[in-house]
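Read-outs: derived from the displayed coordinates by stated rules, not from any lab. In this text, all values refer to a predicted model and were calculated from it rather than measured experimentally. Note: ideal-geometry Cβ built from the backbone for every residue, glycine included; neighbour counts use all protein chains shown.
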Amino acid sequence: MTSEEKIEEAAAEEVTVAEEVTEEVEEVSELEALRQELEEAKAQAAEYLDGWQRARAEFANYKKRNEQERQELFKLANTTLITKLLPIFDDFKRAFQTLPSNLLSLTWIDGVALIYRRLQAILEAEGLTLIETEGQSFDPLLHEAVTYEESAEHEEGQIIDEVQRGYKLGDRVLRPALVRVAKGKPVPEAEGSKSDT
């Protein structure tokens with residue numbers, strides 16, 4: 001083999017090696033491009049998943065809020081109806097309190113009493129409760145004072161008597177109890193004038 005042939009062969013080998021190096025560089029750059037594409041696809045998939053999860057959570061919150069609003073509307077409708085029924089309920093109670101004893105044995109009175117008890121059971125089933133007044137201290141959130149009276153038998157601020165029943169529906173006061181409240185005894189004028197001098 002001549003030196004020229006050796007040079008040509010070496011040059012051919014260099015070209016082959018260069019081509020192989022170029023192919024390897026192209027494969028590496030193609031591999032890097034594919035890795036970058038994969039990372040971008042993963043990032044986009046994570047973004048889509050996050051968006052979907054947020055939308056799902058927002059929809060669940062919307063459903064809960066919608067259900068609560070529907071229940072509140074239902075309660076409000078019940079509250080309105082029950083508030084309108086309370087005077088009738090009071091009238092039944094007053095009628096039975098003033099019923100002459102000679103009429104108690106009549107069967108139609110028993111029928112009216114049954115209607116009263118049914119109305120009472122329905123209202124209680126809806127959550128209506130009586131506001132207690134007997135032996136209680138005056139609470140402006142539950143009671144409305146009709147009068148303040150001096151009383152030797154009661155402490156100041158204690159309820160003396162109930163004028164009209166009060167009712168709550170759950171935690172909400174539908175109608176405060178109208179009450180008479182005990183107030184402190186007035187200071188005698190003699191003691192008041194002594195302190196002035």
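So how much slack lies between Glu155 and Glu24, counting 0.36 nm per residue of separation and subtracting their Cα-Cα distance, in nm?
Here the answer is 37.1 nm.
Arg56 label point, 7 Å along Cα→Cβ, cut-off 20 Å on backbone N: hits in the range 20-47?
It comes to 42-47, nothing else.
With n ≥ 4 as the cut-off for DSSP H runs, can you work out [θ] at 222 nm for the chain, using -39500 (n - 2.57) per run divided by the number of residues, rounded to the nearest 500?
Values: 3 runs with 122 residues, N = 197.
Helix-only estimate at 222 nm: -23000 deg cm²/dmol.
Answer with a single label: of (1) 1.69; (2) 0.98; (3) 0.94, which was calculated as Rg/Rh (Cα atoms, Kirkwood Rh) from the structure in view?
(1)
Multiply the residue separation of Val146 and Leu119 by 0.36 nm, subtract the distance between their alpha-carbon atoms, and state the gained length in nm to one decimal.
6.9 nm
Charges at C-beta only: +1 for Lys and Arg, -1 for Asp and Glu. How large is the resulting dipole of the range 131-188 about its Cα centre, in Debye rounded to 20?
Around 280 debye, computed over the range 131-188.
Label Glu9 and Leu73 with points 7 Å out from Cα along Cα→Cβ: what is the distance between them in nm?
For the pair Glu9/Leu73, the computed spacing is 9.5 nm.
Taking 8 Å as the Cα distance limit and 6 or more residues as the minimum spacing, I'd like the relative contact order of the range 131-188 as a percentage.
It comes to 43 percent, rounded to a whole number.
Considering only DSSP beta bridges with both partners in the chain, what is the antiparallel share in %, to the nearest 5?
Beta bridges within the chain, antiparallel portion: roughly 60 percent.
Simple spin-label model, 7 Å along Cα-to-Cβ: Thr2 to Ala43 in nm?
It works out to 6.1 nm between the two label points.
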